[in-house]
Amino acid sequence: MEKRKGCDVLVVGGGPAGLMAALHAAKAGAETCLVDSRPVPGEKILLSGGGRCNILPLTVDPSAYDTSSSPHTLRKILLSWPLDEVRGFLENAVGLRLIEQKRTGKVYPASGGGEEVRDRFLAALRRSKVRILTRTRVTDIRPFERRRVVVETGPGIVADQVVIASGGLSYPRTGSNGFGFRIAEALGHRIVPPYPALVPLLSGRFEHTALAGISLPVRLEIGDGREKKSGTGDFLFTHRGYSGPVVLNMSHQVTRALVSGKRLAVRVAWLDRVESDWEHELAPSRGTVRGVLKSALPDRLGDRLLEELGLWESTVASLRREDRARLLRSLVAYELPWADSAGYREAEATGGGVTLAEVDSKTMQSRVVPCVYFCGEVLDAVGPIGGYNFLWAFVTGRLAGEGAARVP
């Protein structure tokens, strides 16, 4: 990279957090530069929601986020920019027209999907005179040197303040490589070990591939005892395992435990029914067990369960007590066989990261190195599907951008 004039605020990373940080730094009067390793910033935005880009939730619940840091700190950060104000900024300052999907509680761009979101942000940055350096890979931050931002080729960049918005490890094809975690750790920050989040699970059973395409509501339980977590929603069998909203929203429980060497049990209650519901279905003494399951469950799933139990030809009246108990367990606490998660290649987000205790909750400034700020996925917070992670990126991006611009 050729020698370039320095800037007041340099933002590393062109995802939603970085774009918002750069925009607010510039609006606050700072000479701002955005650096991204890709040919065009915002590539990850294009992948969101299969391209549709669920950009915000309709309502916000801070307790829906997962963090190993203080939930109180997370809540304070998240609510520092009210949701209606975030939406107003996107509509007015960025120029996006947004529509609501009340059934799912999601907000989308009215047209154009992720590409429209990215292009509108880039246009807003140009209007605010933000300099954008693409195909520029930052390799190090040296806070006590004049050219403190080290790049892969060419001289370093002079910047008074540096905002790290480099994302996590999810979707590595977009340039996410964990750079922010490595830099933060090298600067002395404590990193909560990262883990894939919003990620499908891979099956441990070849037989389950025959169930691909089946979708139904379930209650999912992960872990045991005091560590047990549960959630409800739609479950989807895929050719390689399991997905759907309830799996994506809860799979981080599995992946986070794997980081520490634990394998948690995953149990499913089909149709989110309890044992008494199925007892009622099995009350009539006439007919076959298969007939009972067929009236409630998709045929292929019911047949798979009966095959595993060896009750394919059983009648309700002939069920022995122990067989009835096994059947009920299979319906309300089915042990889902899983081998692994689909990993960062398919994870929509990364959990873990810079602990929130080591950033100023009002500015996102590092409490370890004063000239460095963090925002977005590099921080220890991850939300469910539904626009929650975009909201976190926008709120923390605004705080970091404005915080960095206020330093004299």
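The values are calculated or read from the model by the stated rules, or taken from the named source; none is laboratory data. Predicted model only: the values in this text are computed from it and were never measured. Quick reminder, even Gly has a Cβ in these numbers, built from the backbone with ideal geometry, and neighbours come from all protein chains shown.
Considering (1) touching a Pro at 6+ places or on another chain (Cβ under 9 Å); (2) surrounded by 24 or more Cβ atoms within 10 Å (Cβ to Cβ); (3) of a type outside the set (Val, Ile, Thr); (4) over 16 Å from Thr73 (Cβ atoms), the lone condition that Glu346 does not fulfil carries the number (2). Just one of (1) modelled with pLDDT of 95 or more; (2) among the β-branched types (Val, Ile, Thr); (3) out of contact with any Lys or Arg (no Cβ under 7 Å at 6 or more places or on another chain) fails for Val259. It is (1). Filtered by the rule that a residue be more than 19 Å from Gly401 (Cβ to Cβ) and either outside the structural domain of Ala30 (by TED's automatic domain parsing) or among the aliphatic types (A, V, I, L, M) (or both), the range 120-157 gives Val150, Val151.
For the range 329-347, residues that are within 26 Å of Gly168 (Cβ to Cβ) and either outside any loop (DSSP other than H, G, I, E, B) or of a type in the set (S, T, N, Q) (or both) total 4.
Looking at the structure I just gave you, is Pro109 assigned by TED's automatic domain parsing to the domain that holds Gly397, of a type outside the set (D, E, K, R) and either within 23 Å of Gly50 (Cα to Cα) or under 22 Å from the mean Cα position of the chain (by Cα) (or both)? So that I can check it myself, show each step before the final result.
Numbers: assigned by TED's automatic domain parsing to the domain that holds Gly397: yes; of a type outside the set (D, E, K, R): yes; either within 23 Å of Gly50 (Cα to Cα) or under 22 Å from the mean Cα position of the chain (by Cα) (or both): yes.
Taking the combined requirement at face value, the residue satisfies it.
Filtered by the rule that a residue be outside any strand (DSSP E or B) and surrounded by 24 or more Cβ atoms within 10 Å (Cβ to Cβ), the range 136-168 gives Ala165, Ser166, Gly167, Gly168. Taking the conditions (1) part of a loop (DSSP other than H, G, I, E, B); (2) in contact with a Pro (Cβ under 7 Å, 6 or more places away or on another chain) in turn, Val368 satisfies each one other than (2). Thr363 meets the conditions (1) among the β-branched types (Val, Ile, Thr); (2) crowded, with 19+ Cβ neighbours inside 10 Å; (3) more than 30 Å from Thr238 (Cβ to Cβ) in every case but one. The failed one is (2).
So which of Val246, Val268 is in a helix (DSSP H, G or I), within 27 Å of Ala325 (Cβ to Cβ) and aliphatic (A, V, I, L, M)? The unique qualifying residue is Val246.
Give the residue, chosen from Ala400, Ala317, that is farther than 22 Å from Pro196 by Cα and buried (at least 22 other Cβ atoms within 10 Å of the Cβ). So that I can check it myself, show each step before the final result.
Details: Ala317 fails: buried (at least 22 other Cβ atoms within 10 Å of the Cβ).
Matching residue, one of Ala400, Ala317: Ala400.
Among the residues of the range 371-385, none qualifies, meaning not one is in contact (Cβ under 8 Å) with a residue 40 or more places away in the chain, among the charged types (D, E, K, R), surrounded by fewer than 24 Cβ atoms within 10 Å (Cβ to Cβ) and not in a helix (DSSP H, G or I).
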